[in-house]
Structure formats: structure tokens, C-alpha cells
Amino acid sequence: MIYLDNAATTSVFSEVAEEIAAVMKGSYGNPSSLYGYGLQSRKIVDQSRAKLAKVIGCDPAEVYFTSCGTESNNLAILGSARARRSWGNKILVSGFEHPSVQNTVASLTEEGFEVIVIPPEKDGTVSLERFLQEVDRRTVLVTCMRVNNETGALIDVSKLAREVKEINSRTAFHCDAVQSFMKHQTVLDGSIDTMSMSGHKIHGPKGIGILYVRKGFNLKRTQFGGGQEKGLRSGTENVPYIAGLAKAVERIGSIQQNLKQVKECRDALWQGVCDLPVVVKNSPENSSPYILNLSVLGFRSETLLHFLESREVLVSSGSACSKGEKSHTLEAMNVDGERLDSALRFSFSSLTTREEAEKAALAVREAVSTLERK
Ligand code: PLP
């Protein structure tokens with residue numbers, strides 16, 4: 001199989017699976033226990049935290065473990081907004097966020113928050129100016145993703161965060177970095193307050209996430225219990241998956257080198273199909289090479305997807321969580337119905353080869369010449 005749905009999830013590195021099994025079998029102590037078994041588990045958690053902090057570019061004390069990217073987004077958004085409720089109620093969010101951001105922000109309207117959605121431009125990017133125009137003294141939170149999971153649109157969130165803070169230094173800034181973690185560096189220079197990451201997009205296990213929380217940042221807890229993760233995220237730490245995530249970042253290697261390789265694959269796929277008059281690119285210019293979204297006009301996404309599967313190429317029509325529904329990002333970009341109905345997302349990983357990308361392009365060509373138009 002040629003797996004080109006890495007934005008949905010990735011295969012687990014065998015070294016990661018081995019590490020998880022070894023920790024599960026050999027270090028089952030509770031990290032909060034005071035005897036040797038506990039201390040051994042605590043050491044694994046601490047060492048993993050230090051390794052992850054190094055690649056994120058922050059202090060280990062700023063790394064909090066959660067169960068997934070969704071949980072990290074929930075904690076950051078609910079916790080930041082509620083901690084600032086006494087002086088403001090306005091929240092700004094881009095119009096193409098993942099549901100774990102969109103729905104969490106929407107839920108805050110029930111608590112009296114006002115949500116302003118900044119729609120993406122027709123070309124798939126977001127305008128930093130449109131965000132900045134809306135920031136005022138009542139703005140408690142601005143949230144924007146680093147890489148869009150459907151088109152690969154790449155947003156300079158560090159710049160946006162800096163400029164938001166220039167207008168209102170008390171406004172919290174959250175970034176969903178689930179699709180950019182270990183793929184594109186994000187500068188943490190004190191302007192971004194919270195940032196979400198997830199294990200399963202980088203060949204780590206599903207069910208482990210990270211929330212970066214800037215030192216000194218006021219975040220209200222949303223979960224109550226035994227006080228783990230400095231009281232911010234109670235619950236016994238998932239020691240094997242924490243170790244597995246640390247192993248994944250070690251194994252994945254250099255961001256720059258992987259970018260170069262993935263770009264070659266993305267470009268090979270695009271070069272293999274771009275002369276077809278029915279093919280239109282939906283990913284913006286200068287987007288992340290990890291994602292290529294295109295439409296094959298006149299053919300339904302689902303029909304294409306199944307044809308490609310019959311040729312051993314796995315892709316998706318929108319995001320994995322939309323289960324075949326139309327892409328909410330393309331809808332937010334206001335693309336026309338025909339383009340929306342025929343969209344496909346190809347997403348790559350550092351394990352993808354150029355040969356696989358070329359074969360995928362041939363399979364698309366075969367679909368166009370074989371399938372009946374709708
Ligand atoms: N944010 C983005 C941009 C994503 O693509 C995803 C997963 O698809 C998530 C958040 C959720 O991450 P998780 O699956 O770890 O909950």
C-alpha cells in the first residue's frame with residue numbers, strides 16, 4: 001500500500017513500539033509512588049519531558065502531557081478564556097480550525113463569550129491584518145493553527161502572536177501545532193502562550209499529546225484530581241506513551257532534511273498530474289509540503305478515493321474526522337461546489353518515497369481516463 005494519509009495519522013516507528021512495550025513491561029510503577037518502581041517511572045517521564053522540550057524549543061517545565069491534541073486544545077482554550085473572564089469576553093479564531101478548536105471555542109458562547117471568526121481568504125491563507133483589526137481591550141484569546149490539516153496552509157503564528165500582544169499585552173494566544181510539530185519550527189519567544197501537539201502525527205502512538213504552557217502564564221485547570229502535571233492535568237501519567245513520544249522525536253530526525261524529502265514527493269505528485277485540465281490545486285502557494293489538496297473536476301471525491309484504494313493508494317477526501325463529509329476548510333474558503341465535491345487530500349511523511357508519489361500520480365491519471373464522469 002502507498003499510504004498518503006499521514007495528516008490523519010502515521011504508522012508507528014518500530015523503535016517506538018518496542019520502547020512502549022519495554023516501558024510497559026519493565027517500568028509499571030506509578031510515577032507518584034515513593035519507592036524505587038515509582039522513581040524509575042518518574043525518571044522516564046522527566047527524561048522524556050526534557051527531550052521533548054529541547055525539540056520544541058522551550059523549558060521542560062513548560063511541557064505538559066495530555067491524552068491527545070484534542071485535549072490540549074480544550075485545556076488551552078477553556079483555561080485561557082476562563083482565566084480572563086473578569087476583564088473581557090471576546091475570542092478571535094480563524095475560520096479553518098480543527099473541530100477540537102472550533103467546537104471548544106463555540107461552547108464558550110454558553111458562558112457569555114463572544115466569538116469572532118476570521119474566515120480564510122479565497123486563496124486559502126489567513127490575513128493577519130484581519131485578525132489584528134479585531135483585537136481590542138476586551139479580547140481575552142486569539143487562537144490560530146500553524147498548519148491547516150486539510151490544505152497545508154502555513155500561518156506565521158509567531159508573528160501574529162507578537163502583533164496581537166502589541167495591541168493588547170493581556171490577550172492570550174493559543175496555537176494548534178498538531179500538523180506542524182516536528183515538521184515546521186514554531187518560534188516560542190514569549191508571545192505564544194499555549195501550543196498543542198500530538199503523538200500520532202509523527203509516527204508516535206495515538207492517545208498522547210502535549211500542551212506547551214509558557215512559564216508564568218495564567219491557565220485555569222479544567223480537570224480535577226490528584227494534581228499531576230503541576231495540577232493542570234490530573235490523571236496518572238501515561239508513562240509508556242510518554243516514552244514512546246520521546247522516542248518518536250528522536251527517530252524522526254532533522255526537520256530541514258525531512259522537509260526537503262517531503263517537498264520532493266509533493267512536487268513529484270503535482271508534476272505528475274498538473275497537466276490534466278481537470279486537476280486544480282486547492283493548497284495555497286507556499287503551503288506546507290506535507291499536504292497537497294487538489295480537485296479532480298467532474299469526479300466525486302469518494303469515487304476517486306475508492307479507485308485509488310483499488311490501486312493501493314490511500315488518500316482522504318477531507319479530514320479524517322469529517323468521515324467523508326465535505327472539507328470544512330474548502331467550504332470556508334468559499335470554493336465552488338464542483339471543486340468541493342471532487343477534492344482529495346494527499347499527505348506525506350518522512351517515510352514517503354518519490355517513487356510512491358509518482359505511482360500515486362499515475363493512479364490519478366488512470367482514474368481520470370477510466371472512471372465515468374459524474
Ligand atoms: N488539530 C489538528 C490540526 C489536527 O489535524 C488534529 C488531528 O487530526 C487534532 C488537532 C487532534 O489531535 P488528536 O487526534 O491527537 O486529538
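Annotation: the antiparallel percentage among DSSP beta bridges lying fully within the chain is about 50. Using the rule -39500 (n - 2.57) for each DSSP H run of four or more residues, divided by the residues of the chain, the 222 nm mean residue ellipticity is -12000 deg cm²/dmol.
Share of pairwise Cα-Cα distances greater than 15 Å in region 288-374 is 57 percent (whole percent).
Kindly state, to the nearest 0.05, the FRET efficiency for Arg300 paired with Arg162, given R0 = 41 Å and r defined as their beta-carbon distance. All intermediate terms of the calculation are to be shown ahead of the outcome.
Values: r = 43 Å, r/R0 = 1.06.
For Arg300 and Arg162, the calculated efficiency is 0.40.
Each Lys and Arg Cβ is given +1 and each Asp and Glu Cβ -1; about its Cα centre, region 14-252 then shows a dipole of about 640 debye. Remark on Thr66: its backbone amide H falls under 5 Å from those of Gly209, Ile210, Leu211, a criterion applied only to residues 5 or more positions apart or on other chains, H modelled at 1.01 Å from N. Within the shell of other residues whose beta carbon sits under 14 angstrom from the beta carbon of Leu154, the net charge comes to -1, with Lys and Arg scored +1 and Asp and Glu -1.
Just so you know, the Rg over Rh for region 63-123 is 1.00, from Cα atoms, with Rh as the Kirkwood radius.
Across all Cα pairs in region 1-60, the calculated P(r) in 10 Å bins from zero up to the longest distance comes to 20, 32, 34, 12, 3 percent per bin.
Solvent-free Debye calculation, one equal scatterer per alpha-carbon of region 175-223: log10 I(q)/I(0) at 0.13 Å⁻¹ equals -0.34.
The chymotrypsin sites (Phe, Trp or Tyr not before Pro) of region 206-297 that meet both conditions, a loop assignment by DSSP and at most 15 other Cβ atoms within 10 Å of the site Cβ, are Phe224.
Computed packing ranks the peptides 361-369, 168-176 as 168-176, 361-369, most packed first, by mean other Cβ atoms within 10 Å.
Please work out how much length the chain gains when fully extended from Asn218 to Arg354, using 0.36 nm per residue of separation minus the C-alpha to C-alpha distance, in nm with one decimal. Gain on stretching Asn218 to Arg354: 44.4 nm.
Using the Cβ-Cβ distance between Asp46 and Gln256 with R0 set to 22 Å, the FRET efficiency from 1/(1 + (r/R0)^6) comes to roughly 0.20.
Could you sort out which of Lys54/Lys90; Lys54/Lys260; Lys159/Lys183 sit more than 26 Å apart by Cα distance in this structure?
As for pairs spanning more than 26 Å Cα to Cα, those are Lys54/Lys90.
The relative contact order of region 14-252 comes to 27 percent, based on Cα pairs under 8 Å that sit 6 or more residues apart. Taking the longest Cα principal axis of the chain as reference, the axis of helix 255-273 is set at about 20 degrees.
As a fraction of the 1.4 Å probe accessible area of the chain, surface on carbon and sulfur atoms comes out at 49 percent.
Its residue count N sets the reference 2.2 N^0.38 Å, and the alpha-carbon radius of gyration of region 75-191 equals 0.98 times that reference.
In terms of its C-alpha gyration tensor, region 1-119 has an oblate overall shape, because the principal axis ratio a/c (a ≥ b ≥ c, square roots of the eigenvalues) is not below 1.5 and a/b does not outweigh b/c.
Considering the zone a paramagnetic label at Ala21 would reach in this model (a point 7 Å from Cα along the Cα-to-Cβ line), which residues of region 331-359 have amide N under 18 Å from it? From region 331-359, the list is empty. Taking chymotrypsin sites (Phe, Trp or Tyr not before Pro) across region 33-130, the ones in a DSSP loop with at most 15 further Cβ atoms lying within 10 angstrom of their Cβ are Tyr35, Trp87. Pairs of C-alpha atoms in the chain farther apart than 32 Å represent 35 percent of all such pairs.
Averaging Cα coordinates gives a centre for region 340-374 and one for region 101-137; these two points are 33 Å apart. Per residue, the chain exposes an accessible area of 42 Å² to a 1.4 Å probe, with every protein chain left in place. Between helix 354-370 and the chain, what is the angle of the helix's C-alpha long axis to the longest principal axis, kept within 0 to 90° and rounded to the nearest 10? The angle comes out near 50 degrees. Loop-located trypsin sites (Lys or Arg not before Pro) across region 194-258 with a Cβ neighbour count of 10 or fewer within 10 Å are Lys215, with loop assigned by DSSP.
Once you order the gyration tensor axes a ≥ b ≥ c over the Cα atoms, which shape class does region 115-257 get: rounded for a/c under 1.5, otherwise prolate or oblate by comparing a/b with b/c? In terms of gyration-tensor shape, oblate. For the pair region 276-320 and region 11-76, the centres of their Cα atoms are 36 angstrom apart. With 0.36 nm allotted per residue and the present C-alpha distance subtracted, the Ser369-Tyr37 stretch has 113.3 nm of extension available. Work out the FRET efficiency for Arg137 and Val117 from their Cβ-Cβ distance, taking R0 = 22 Å, and round it to the nearest 0.05. My answer for the efficiency is 0.60.
The values are calculated or read from the model by the stated rules, or taken from the named source; none is laboratory data. Keep in mind that this is a model prediction, so the values were computed, not measured. No Cβ is skipped: glycine too gets one built from the backbone with ideal geometry, and neighbour counts run over all protein chains shown. Heads up: the accessible areas ignore ligands, DNA and RNA and are worked out on the full protein's heavy atoms, side chains in. Shrake-Rupley method; radii C 1.70, N 1.55, O 1.52, S 1.80 Å.
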